[in-house]
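A.B. asks: One structure is given below, represented as structure tokens, and several questions about it will come after.
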Amino acid sequence: MIHQIWHHWPGGSSAPPQNLQRLMRGWPEKHPNWKYRLWGAADGRALIVEHYPHFVSTYDLYPDAVQRVDALRYFILHRFGGVYIDADIEPLELSLDSLLEWTRGDAALLLPLEPKEHAHAWCTEMMVGMSFIGSAPGHPFWIQLHRELAERAHLPVLYSTGPLMLSDVVLKNFGILTGSTADLLIMPPSVVYPLHQYESSCGKLNHTLLAQKRSAHTIAVEHWCGSWRAIRK
């Protein structure tokens with residue numbers, strides 16, 4: 001199952017911009033045999049209320065709406081499993097089925113490593129991405145992460161719900177930020193991040209550079225639209 005999230009931008013349209021709609025449509029069109037669900041603010045909160053009531057107050061009190069978007073994916077994946085994909089990620093020729101075949105379906109949790117340029121910008125060597133995540137339903141890792149969300153709710157976005165938080169929890173639970181364990185595969189950046197955010201901007205993809213940097217296992221490319229920066233409570 002493919003999951004995506006779109007929450008209304010205050011002062012803007014309740015629908016995603018046309019350029020993001022095009023990218024989002026690509027996933028169900030390319031994967032007609034996969035179930036697809038787009039989560040809005042109302043049904044996302046309803047999931048928390050029904051299945052994770054202990055987290056409702058934390059969810060509602062996040063100062064930035066993007067923190068709810070971030071957190072929601074972790075509860076969706078625990079409840080349903082599947083693949084979560086950010087709205088600004090474009091599918092390329094290879095399919096999700098190709099990814100599962102390449103990884104042999106052995107790992108119950110798939111996470112991408114972000115480009116080193118992103119990690120270095122935050123004074124760290126490695127950083128796990130959270131814009132593309134694959135998981136089996138009910139994976140116990142998410143329970144630990146849910147606890148961390150509650151404990152970190154007072155911190156800024158990247159440290160409370162974003163990739164720096166996720167990286168910390170991965171390291172705490174698995175002891176690695178690269179490679180694999182029996183239960184986890186951390187994919188190299190080239191799988192979904194062949195271009196880093198300083199090489200691409202939303203709607204201005206450098207196809208020549210993409211052709212040079214993609215690998216045999218590149219299935220998608222993030223456009224780095226930075227939509228989370230526009231979302232406010």
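The values are calculated or read from the model by the stated rules, or taken from the named source; none is laboratory data. Quantities reported herein were computed from a predicted structural model and do not represent experimental measurements. Cβ coordinates were reconstructed from backbone atoms using ideal geometry, including for glycine residues, and neighbour counts include every protein chain displayed.
A.B. asks: For the condition of a type in the set (A, V, I, L, M), out of contact with any strand residue (DSSP E or B) (no Cβ under 7 Å at 6 or more places or on another chain) and not in a loop (DSSP other than H, G, I, E, B), what is the one hit in Val83, Val49, Val69?
C.D. replies: Val49
A.B. asks: Give me a count of the residues in region 55-85 that are without any contact (Cβ under 8 Å) to a residue 60 or more places away in the chain, over 14 Å from Trp39 (Cβ atoms) and not aliphatic (A, V, I, L, M).
C.D. replies: Step one: filter region 55-85 for residues without any contact (Cβ under 8 Å) to a residue 60 or more places away in the chain, giving 56-57, 59-60, 79.
After this cut, where a residue has to be over 14 Å from Trp39 (Cβ atoms) as well, the list is 56-57, 60.
Still in the running and not aliphatic (A, V, I, L, M): 57, 60.
Residues in region 55-85 being without any contact (Cβ under 8 Å) to a residue 60 or more places away in the chain, over 14 Å from Trp39 (Cβ atoms) and not aliphatic (A, V, I, L, M): 2 in total.
A.B. asks: Go through region 17-46 and count every residue that is surrounded by 13 or more Cβ atoms within 10 Å (Cβ to Cβ) and outside any helix (DSSP H, G or I).
C.D. replies: 8
A.B. asks: Now for a separate question. For region 88-117, name all the residues that are in contact with a Pro (Cβ under 8 Å, 6 or more places away or on another chain) and surrounded by 20 or more Cβ atoms within 10 Å (Cβ to Cβ).
C.D. replies: Scanning region 88-117 gives Pro112, Leu113, Glu114, Pro115.
A.B. asks: Next up: Tell me which residues, restricted to region 164-190, are of a type in the set (D, E, K, R), surrounded by fewer than 16 Cβ atoms within 10 Å (Cβ to Cβ) and without any contact (Cβ under 8 Å) to a residue 40 or more places away in the chain.
C.D. replies: Passing the criteria: only Lys172.
A.B. asks: Determine whether Leu77 is at pLDDT 95 or above, over 15 Å from Ile2 (Cα atoms) and either outside any strand (DSSP E or B) or among the basic types (Lys, Arg) (or both). Steps first, answer last, please.
C.D. replies: On the way: at pLDDT 95 or above: yes; over 15 Å from Ile2 (Cα atoms): no; either outside any strand (DSSP E or B) or among the basic types (Lys, Arg) (or both): yes.
No, not satisfied.
A.B. asks: Moving to a separate point now. From the list Leu209, Leu205, pick out the single residue that is over 26 Å from Ser14 (Cα atoms) and over 19 Å from the mean Cα position of the chain (by Cα).
C.D. replies: Values: Leu205 fails: over 26 Å from Ser14 (Cα atoms).
Going through Leu209, Leu205 in turn, the sole match is Leu209.
A.B. asks: Pick from Ser160, Ser200: which is surrounded by 17 or more Cβ atoms within 10 Å (Cβ to Cβ) and either in contact with a Lys or Arg (Cβ under 7 Å, 6 or more places away or on another chain) or of a type in the set (D, E, K, R) (or both)?
C.D. replies: None of the other options fit; the residue is Ser160.
A.B. asks: If you don't mind, another one. Just to check your reading of the model, which residue among Glu125, Glu148 is over 20 Å from Ile76 (Cβ atoms) and among the charged types (D, E, K, R)?
C.D. replies: Unique residue meeting the criteria: Glu125.
A.B. asks: Moving to a separate point now. Looking at (1) closer than 28 Å to His196 by Cβ; (2) more than 18 Å from the chain's Cα centre (by Cα); (3) not charged (D, E, K, R), which one does Leu100 not meet, given that it meets all the others?
C.D. replies: In the conditions (1) closer than 28 Å to His196 by Cβ; (2) more than 18 Å from the chain's Cα centre (by Cα); (3) not charged (D, E, K, R), Leu100 misses (2) alone.
A.B. asks: For region 203-214, how many residues meet the condition of being closer than 15 Å to Pro91 by Cα and surrounded by fewer than 11 Cβ atoms within 10 Å (Cβ to Cβ)?
C.D. replies: Residues that pass the stated criteria total 2.
A.B. asks: Something else now. Please list, ordered by first then second residue, the pairs with beta carbon atoms under 7 Å, 6 or more apart or interchain, first in region 127-147 and at positive phi and modelled with pLDDT of 95 or more, second buried (at least 16 other Cβ atoms within 10 Å of the Cβ) and not hydrophobic (A, V, I, L, M, F, W, C).
C.D. replies: Correct list of pairs: Gly138/His78.
A.B. asks: Pick out the one residue from Leu72, Leu100, Leu61, Leu94 that is within 19 Å of His154 (Cα to Cα) and either out of contact with any helix residue (DSSP H, G or I) (no Cβ under 9 Å at 6 or more places or on another chain) or at pLDDT below 95 (or both). Give the steps one after another, and end with the answer.
C.D. replies: Working: Leu72 fails: either out of contact with any helix residue (DSSP H, G or I) (no Cβ under 9 Å at 6 or more places or on another chain) or at pLDDT below 95 (or both); Leu100 fails: within 19 Å of His154 (Cα to Cα); Leu94 fails: within 19 Å of His154 (Cα to Cα).
Just a single option satisfies the conditions, and that option is Leu61.
A.B. asks: Moving on to the next point. Could you please let me know if Val83 is surrounded by 15 or more Cβ atoms within 10 Å (Cβ to Cβ) and either of a type outside the set (A, V, I, L, M, F, W, C) or more than 18 Å from Leu184 (Cα to Cα) (or both)?
C.D. replies: On the way: surrounded by 15 or more Cβ atoms within 10 Å (Cβ to Cβ): yes; either of a type outside the set (A, V, I, L, M, F, W, C) or more than 18 Å from Leu184 (Cα to Cα) (or both): no.
Here the answer is no, as Val83 does not meet what is asked.
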